[in-house]
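Inspection log for the structure reproduced underneath, given as structure tokens.
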Amino acid sequence: MMGVVTAGDSTTRTPAREVAPLGPDSLTWRYFGLWLGFAYGSVPQLLQVMHPVLGHAVDEHSNVKEDPFDRLIRSMGPIYGVIYDGPRAEETAVAVRSYHEQIKGTMPSGERYSALNPEVFHWAHATFVEGLVYGFSDILGPFSRAEQEQLYAESRRWYGLYRMTMTNVPETLDDFDAYWDHYVEHVLEATPFSRWLLEAFRKPPPPPGLTWVPKPLWRPLSRVGGQAAVVLATERLPERVRRELGLPWSRAHRVEAAVLRRTLRALNDLLPRHRRYHPRPLAGWQRAAGERGVPVADLLRQSCG
């Protein structure tokens with residue numbers, strides 16, 4: 001797949017084989033389900049739709065322009081489930097894959113595309129992997145290279161549950177780094193949808209639960225929150241991506257991002273461990289604690305240190 005963006009309808013899948021789901025002893029369980037990750041949620045979203053096929057497909061098939069939060073809310077629960085659903089994780093993964101079966105169409109160039117094309121499907125997964133391996137290292141680490149390699153190895157197990165072909169999935173973290181650099185330098189572009197999404201981050205509408213806030217009050221709140229989200233995202237975006245999107249990155253921006261990172265980590269550390277997780281991951285921790293016959297607080301303490 002290196003060097004080529006394939007938009008066709010190939011949906012090659014792996015033969016039936018046993019793929020063990022991840023569990024509470026994995027580093028992925030420790031980090032991926034934290035609410036903290038939502039502070040950087042704009043990064044995988046932007047990088048996904050900067051892929052020309054994904055950008056066009058989301059624009060054509062999603063209602064995100066009418067309801068910017070709907071896609072995020074609908075997608076994150078099942079994605080968490082592929083990691084945290086234990087014995088039902090593969091069932092969840094197959095359901096996630098099936099959601100994409102009808103996402104197909106024609107690019108402006110006339111080339112056919114499918115969301116289940118292995119190259120396209122894997123890129124969406126890769127954006128989460130990069131955030132897990134390197135994004136969480138920035139804010140909660142630094143992680144050692146051995147920890148990063150473990151997280152990457154676990155991400156291959158997670159991806160294997162989708163029953164997609166593994167032939168285009170990098171074997172090692174070093175291979176993944178080369179794959180990532182290739183996409184950043186030669187595949188990603190400032191698609192029309194990525195530019196729209198960036199503006200939506202700058203001026204977000206009220207999320208579910210806050211739609212009651214009066215518009216005169218929401219406007220300044222959204223500007224502050226939008227600025228913080230864009231600064232945090234810009235820090236994590238590769239330099240070429242910043243240039244493509246026209247995002248400035250000055251010393252003042254670096255200082256602002258560092259302050260925001262320290263604040264987010266402090267807020268995370270203040271929360272009781274079980275409050276740090278999104279409900280879907282927390283349900284996984286609770287199920288695993290029940291299977292081991294221990295309180296969830298004890299399992300979290302044992303697994304997360």
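Pairing residues of segment 262-274 that are closer than 21 Å to S303 by Cβ with residues that are among the β-branched types (V, I, T) and modelled with pLDDT under 95, at Cβ distances under 6 Å and at least 6 apart in sequence or on separate chains, gives R265/I139. Residue check: is V230 β-branched (V, I, T), more than 29 Å from A93 (Cα to Cα) and within 19 Å of the chain's Cα centre (by Cα)? So V230 passes the test. Say we look at segment 274-305 and pick out the residues that are buried (at least 18 other Cβ atoms within 10 Å of the Cβ) and basic (K, R); which of these is farthest from the chain's Cα centre (by Cα)? The selected residue is R276.
Of all residues in segment 222-237, count the ones that are out of contact with any Leu (no Cβ under 9 Å at 6 or more places or on another chain) and either surrounded by 12 or more Cβ atoms within 10 Å (Cβ to Cβ) or touching a residue at least 24 places away in the same chain (Cβ under 8 Å) (or both). Total meeting the criteria: 7.
For segment 27-40, the count of residues that are at pLDDT below 90 and not in a helix (DSSP H, G or I) is zero. Cβ-Cβ distances below 7 Å connect the following pairs, each with a first residue in segment 277-292 that is under 16 Å from D25 (Cα atoms) and touching a residue at least 40 places away in the same chain (Cβ under 8 Å), a second residue that is part of a helix (DSSP H, G or I) and of a type in the set (G, A, S), and a separation of six or more residues or different chains: G284/G86; R287/G86; A288/G86.
Determine whether R240 is charged (D, E, K, R), touching a residue at least 40 places away in the same chain (Cβ under 8 Å) and buried (at least 17 other Cβ atoms within 10 Å of the Cβ).
Spelling it out, it is not the case that R240 is charged (D, E, K, R), touching a residue at least 40 places away in the same chain (Cβ under 8 Å) and buried (at least 17 other Cβ atoms within 10 Å of the Cβ).
Show me the helices (runs of 4 or more DSSP H) found entirely inside segment 192-305 where at least 3 residues are over 21 Å from I83 (Cβ atoms).
192-202, 215-236, 239-245, 251-270
Of everything listed in (1) in contact with a Phe, Trp or Tyr (Cβ under 9 Å, 6 or more places away or on another chain); (2) over 30 Å from R301 (Cβ atoms); (3) aromatic (F, W, Y), the single unmet condition for Y277 is (2).
Could you list, in sequence order, all residues of segment 163-178 that are assigned to a loop (DSSP other than H, G, I, E, B) and under 13 Å from V133 (Cβ atoms)? Within segment 163-178, P170, T172 qualify. Looking only at residues in segment 181-214 that are within 21 Å of V58 (Cα to Cα) and aromatic (F, W, Y), the one that is modelled with the lowest pLDDT is F201. Does L72 fit the bill of being closer than 27 Å to E244 by Cα and at pLDDT 95 or above? So L72 fails the test.
Per the conditions (1) among the aliphatic types (A, V, I, L, M); (2) within 22 Å of A20 (Cα to Cα); (3) touching a residue at least 60 places away in the same chain (Cβ under 8 Å), the sole criterion not satisfied by V120 is (2). The set of residues from segment 100-131 being within 12 Å of H51 (Cα to Cα) and either among the acidic types (D, E) or touching a Ser or Thr at 6+ places or on another chain (Cβ under 8 Å) (or both) comprises E119, V120.
The values are calculated or read from the model by the stated rules, or taken from the named source; none is laboratory data. In this text, all values refer to a predicted model and were calculated from it rather than measured experimentally. When we count neighbours, we look across all protein chains shown, and the Cβ atoms used for this are built from the backbone with ideal geometry, even at glycine.
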